[in-house]
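Worksheet: the structure to be examined is printed underneath.
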Amino acid sequence: MAENDIGGAGQMTSEPQSAFEGTVRLHEKNQEIEGVQVSIAEILDRLHYSEAAIFAVRLSLEEAMMNGFRHGNLQDPTKFVEVRWLIDSNSANFHVIDEGDGFDPEGVPDPTLDENLEIPSGRGLMLIRAYMSDARYHAPGNHLEMTFRKVAK
Amino acid sequence: MSTETSRIRVTDLSGVMRVEFVDKDILDEAAIRQISTELVKRVEAAASPRMLISFRGVEHLSSAALGTLITINSLTKKRGGQLRLSDIKPSIMEVFTITKLNKLFQIFDTSVKALEGFGGK
């Protein structure tokens, strides 16, 4: 599991109102998923992120978690998706890690091509890339890191 | 005539099925599956189905919901009917634009505009 490269972030919570971090392991139960999204939206609101920013983060988190459950864990109810966040007044950074074998994000067909427009899946990752300032997979592809920055996109 | 289910409201407007959502967030997979099943059933029950899906009150929409809309669009076309969408707020319209699905769907500003020329007796 690619869990070792997320160290060092834990020191920033000494000022409780300026930075928030957390980790949660979720199984595919919708109440839990929604709970995480709502908590994060509240944090962003408290740190004066715009409505558009909260929309972007919430949608990206939803898509990232769903990809983890569906394509990563192949809907195995015993497997979890781990979500980690570190949010301050400038940026919101997330790691979404599933228990799958990973994949090659470059191998996903472009859903915006005319010949692919009527295929009903494959748009989650492109929405994440469009809405977040930065999104990348860590090898072997079961670990998505994404960041929303308040100023520059 | 209005029929209520747990996730959508369907109103028959002179032969056009107008669909509205009960929830403001259409994100949750189980809910989307339920909506999809219900819409497919209604489209399959009509000879040349005309369906208007209004997004009034909807605040969030995931790619899974887009998938359902694509399925319904294909199915209505296959059955000689048509799907129209309306009342999409700007933040959600952006999701359609990013995915270029605004090219696939017939999107109208309001339900009233969408119903114009949609026929029905």
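Which of the residues belonging to the range A:35-47 are exposed (fewer than 15 other Cβ atoms within 10 Å of the Cβ) and not hydroxyl-bearing (Ser, Thr, Tyr)? Write out each step before concluding.
Within the range A:35-47, the subset exposed (fewer than 15 other Cβ atoms within 10 Å of the Cβ) is A:35, A:38-39, A:42, A:45-46.
Correct list: A:35, A:38, A:42, A:45, A:46.
The rows are residues; the columns are (1) more than 25 Å from residue A:125 (Cα to Cα); (2) surrounded by 20 or more Cβ atoms within 10 Å (Cβ to Cβ); (3) in contact (Cβ under 8 Å) with a residue 60 or more places away in the chain; (4) of a type in the set (Phe, Trp, Tyr).
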residue: B:6; (1), (2), (3), (4): yes, no, no, no
residue: B:10; (1), (2), (3), (4): yes, no, no, no
residue: B:39; (1), (2), (3), (4): yes, yes, no, no
residue: B:97; (1), (2), (3), (4): no, no, no, no
residue: B:106; (1), (2), (3), (4): no, no, no, no
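Would you point out which residue out of A:119, A:97, A:128 is without any contact (Cβ under 8 Å) to a residue 12 or more places away in the chain, more than 21 Å from residue A:19 (Cα to Cα) and β-branched (Val, Ile, Thr)?
Unique residue meeting the criteria: A:119.
Please pick out the residue among A:105, A:120, A:109 that is within 25 Å of residue B:61 (Cβ to Cβ) and buried (at least 16 other Cβ atoms within 10 Å of the Cβ).
That would be A:120, the only listed residue that is within 25 Å of residue B:61 (Cβ to Cβ) and buried (at least 16 other Cβ atoms within 10 Å of the Cβ).
Quick grid of which residues meet (1) of a type outside the set (Ser, Thr, Tyr); (2) under 29 Å from residue A:32 (Cβ atoms); (3) free of Cβ contacts under 8 Å to residues at least 12 places away in the same chain:
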position	(1), (2), (3)
B:27	yes, yes, no
B:42	yes, no, no
B:47	yes, no, no
B:112	yes, no, yes
B:117	yes, no, yes
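Is there a residue being within 14 Å of chain B (Cβ to nearest Cβ), without any contact (Cβ under 8 Å) to a residue 60 or more places away in the chain and either in contact with an Asp or Glu (Cβ under 6 Å, 6 or more places away or on another chain) or of a type in the set (Lys, Arg) (or both) anywhere in the range A:101-116?
no
Output the residues belonging to the range A:56-72 that are more than 10 Å from the chain's Cα centre (by Cα), over 25 Å from residue B:90 (Cα atoms) and within 13 Å of another protein chain (Cβ to nearest Cβ).
Listed by number, the residues that qualify are A:69, A:70, A:71.
All but one of (1) more than 25 Å from residue B:31 (Cα to Cα); (2) at pLDDT below 95; (3) surrounded by fewer than 14 Cβ atoms within 10 Å (Cβ to Cβ) hold for residue A:50; state the number of the condition that does not hold.
(2)
Looking at the structure I just gave you, is residue B:24 loosely packed, with under 15 Cβ neighbours inside 10 Å, over 19 Å from residue A:56 (Cα atoms) and within 13 Å of another protein chain (Cβ to nearest Cβ)? I'd like the intermediate steps shown before the answer.
Details: loosely packed, with under 15 Cβ neighbours inside 10 Å: yes; over 19 Å from residue A:56 (Cα atoms): no; within 13 Å of another protein chain (Cβ to nearest Cβ): yes.
The answer is no for residue B:24.
All but one of (1) in a loop (DSSP other than H, G, I, E, B); (2) within 10 Å of the chain's Cα centre (by Cα) hold for residue B:23, so report the exception by its number.
Of (1) in a loop (DSSP other than H, G, I, E, B); (2) within 10 Å of the chain's Cα centre (by Cα), only one is false for residue B:23: (2).
Output the number of residues of the range A:56-85 satisfying the condition of being surrounded by 16 or more Cβ atoms within 10 Å (Cβ to Cβ) and without any contact (Cβ under 8 Å) to a residue 24 or more places away in the chain.
2
When you go through B:46, B:31 one by one, which is the residue that is surrounded by fewer than 18 Cβ atoms within 10 Å (Cβ to Cβ) and of a type in the set (A, V, I, L, M)?
Criteria check complete, one pass: B:46.
The conditions are (1) surrounded by fewer than 20 Cβ atoms within 10 Å (Cβ to Cβ); (2) more than 14 Å from chain B (Cβ to nearest Cβ); (3) more than 21 Å from residue A:39 (Cβ to Cβ), and residue A:88 fails exactly one of them. Which is it?
(3)
The values are calculated or read from the model by the stated rules, or taken from the named source; none is laboratory data. From a predicted model like this one, the values you see are computed outputs, not experimental measurements. Neighbour counts are summed over all protein chains in view; Cβ atoms, including those assigned to glycine, are modelled from backbone coordinates with ideal geometry.
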